[in-house]
Amino acid sequence: MSIIERPADIIAKTGPSDAIVKNAWYLGAWSDEITHALFARRIADEPMVFYRTEEGTAVALADRCPHRKFPLSAGTLEGDLLQCGYHGFRFDTNGTCMSVPGQTKVPLSANVRSFPLVEQFGQIWVFPGDPALADAAKIPHVPWTSEWWSTTGCEPLNARASLLIDNLLDLSHETYIHASGIGSPEVAETPIEVERDGDVLWVRRKMFGVECPPNYAKSTGLASPIDRSQEIQFFAPSFYVLHVRIAKAGDTGPGFLSKVVYGITPETARTTHNFYGICRDVPRDPNQKPFSGQRNTVREDTECLELLERWIVSDSDNVPEVSIGIDRGGLLGRRIIADMVRKETAG
Ligand code: FES
Ligand SMILES: [Fe+2]
């Protein structure tokens, strides 16, 4: 069922939480980050070691040797077996301990945890929670990163994931923080529509006859005035797609389409992997990357959110936030995630 949320419906006033939903699929890596070599990354506060087998299958194991807890990512690959760098325990791709030094009997408890993993569209998804709940049908369907001309990256963020979710669900900040790239006065002035469909949240804003921001002028050749629509699709708790259409004002054709994607993956309670990507509906050219000012945009947000994180932590005042109409998307996002956390905590 789909409902339109009005300000009066919004009850989530919990502030920017640092709780982590464990029973969810998270973007753990872009496919090109994982090779036949050990790669360490903490996802949802679970240390993981990733690698590909010789045949190319991606694997994620707990990055903690069951013997003396040495990080397995500091070991070596012997074919497809991961060998601990401290005393040489060997594990297969399921985390089963295949051998230990000095004895033929391998203790059953010497196995290491393996995480459910799905690779699709150039994305590697992992499930850090209860494996029995890892339903692959719940992974956000985001084909554009491999089917459209795209560029991707990952930027560390020293701030809790909820601050980045707030930021992305309220694009009015573009007018102020990203004025030299994608911002224009109309973004902050145009009201939004918010809609919820289960754990998917939509926030829509349509602008007509408005200024063409510098990055869009560069990527499309358009000049002001333009029609510009931003349709945010947020798959709680962690994946975000901004469906963008821009066109010469009044042009009813397809216009220029792009999908701006973010995997907002908690690393720890107060640090985040900011996976970002931009995908454009233009012919692929293997010799050229599409123009993208997204990395600058990401860095502008990073600077703002890291300052905010430090400020929140150092503020002992506990004065409640004030919210306005533009916050409806962000507040609803907080409420959906708070419900997920509550459900998990209640068992
Ligand atoms: S800590 Fe890994 S084998 Fe001893
Ligand atoms: Fe931003």
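The values are calculated or read from the model by the stated rules, or taken from the named source; none is laboratory data. What you see is a predicted model; the values in this text were computed from it and never measured. Neighbour counts are summed over all protein chains in view; Cβ atoms, including those assigned to glycine, are modelled from backbone coordinates with ideal geometry.
So the check is Cβ under 7 Å with 6+ separation or different chains; which pairs have a first residue in region 313-341 that's farther than 17 Å from Pro237 by Cα and a second one that's buried (at least 20 other Cβ atoms within 10 Å of the Cβ) and of a type in the set (A, V, I, L, M, F, W, C)?
Ser323/Leu331; Ile326/Ile192
Out of everything in region 175-211 that is β-branched (Val, Ile, Thr) and in contact with a Leu (Cβ under 7 Å, 6 or more places away or on another chain), what residue ends up being farthest from Val241 (Cα to Cα)? Step through it out loud before you land on a result.
Step one: of region 175-211, the residues β-branched (Val, Ile, Thr) are 175, 177, 182, 187, 190, 192, 194, 200, 203, 210.
Remaining after also requiring in contact with a Leu (Cβ under 7 Å, 6 or more places away or on another chain): 187, 194, 203.
Values: Val187: 17, Val194: 15, Val203: 11 Å.
Filtering first and then ranking leaves Val187.
Can you name the residue in region 50-76 that is away from ligand 1 (no atom under 15 Å from the Cβ) and surrounded by fewer than 17 Cβ atoms within 10 Å (Cβ to Cβ) and is also nearest to Pro116 (Cα to Cα) among such residues?
Taking region 50-76 as the starting set, the residues that turn out to be away from ligand 1 (no atom under 15 Å from the Cβ) are 50-60.
Those left that are additionally surrounded by fewer than 17 Cβ atoms within 10 Å (Cβ to Cβ): 53-57.
Values: Thr53: 15, Glu54: 19, Glu55: 18, Gly56: 16, Thr57: 13 Å.
The residue in question is Thr57.
Here are Ser150, Ser73, Ser114, Ser99: which of them is hydroxyl-bearing (Ser, Thr, Tyr) and at pLDDT below 95? Break it down into steps so the answer makes sense when it comes.
On the way: Ser73 fails: at pLDDT below 95; Ser114 fails: at pLDDT below 95; Ser99 fails: at pLDDT below 95.
Going through Ser150, Ser73, Ser114, Ser99 in turn, just one is hydroxyl-bearing (Ser, Thr, Tyr) and at pLDDT below 95: Ser150.
May I ask you to say which residue of Leu307, Leu257 is in contact with a Phe, Trp or Tyr (Cβ under 9 Å, 6 or more places away or on another chain) and not in a loop (DSSP other than H, G, I, E, B)?
Going through Leu307, Leu257 in turn, the sole match is Leu257.
Only one of these is within 15 Å of ligand 2 (Cβ to nearest atom), in the same structural domain as Ala338 (by TED's automatic domain parsing), at pLDDT 90 or above and in contact with a Pro (Cβ under 7 Å, 6 or more places away or on another chain): Leu157, Leu168, Leu163. Name it. Steps first, answer last, please.
Numbers: Leu157 fails: in contact with a Pro (Cβ under 7 Å, 6 or more places away or on another chain); Leu168 fails: in contact with a Pro (Cβ under 7 Å, 6 or more places away or on another chain).
None of the others qualify; the one that does is Leu163.
Just the residues that are basic (Lys, Arg) and closer than 12 Å to Asp199 by Cβ, please, taken from region 331-347.
Taking region 331-347 as the starting set, the residues that turn out to be basic (Lys, Arg) are 334-335, 342-343.
The answer is Arg335, Lys343.
Out of curiosity, is Ala249 under 28 Å from Arg204 (Cβ atoms), in contact (Cβ under 8 Å) with a residue 24 or more places away in the chain and of a type outside the set (Phe, Trp, Tyr)? Full working, then the answer.
Working: under 28 Å from Arg204 (Cβ atoms): yes; in contact (Cβ under 8 Å) with a residue 24 or more places away in the chain: yes; of a type outside the set (Phe, Trp, Tyr): yes.
Against the criterion (under 28 Å from Arg204 (Cβ atoms), in contact (Cβ under 8 Å) with a residue 24 or more places away in the chain and of a type outside the set (Phe, Trp, Tyr)), Ala249 qualifies.
Take the residues in region 260-296 that are crowded, with 21+ Cβ neighbours inside 10 Å and at pLDDT below 95; name whichever of them is farthest from Ser162 (Cα to Cα).
Taking the candidates together, the pick is Arg280.
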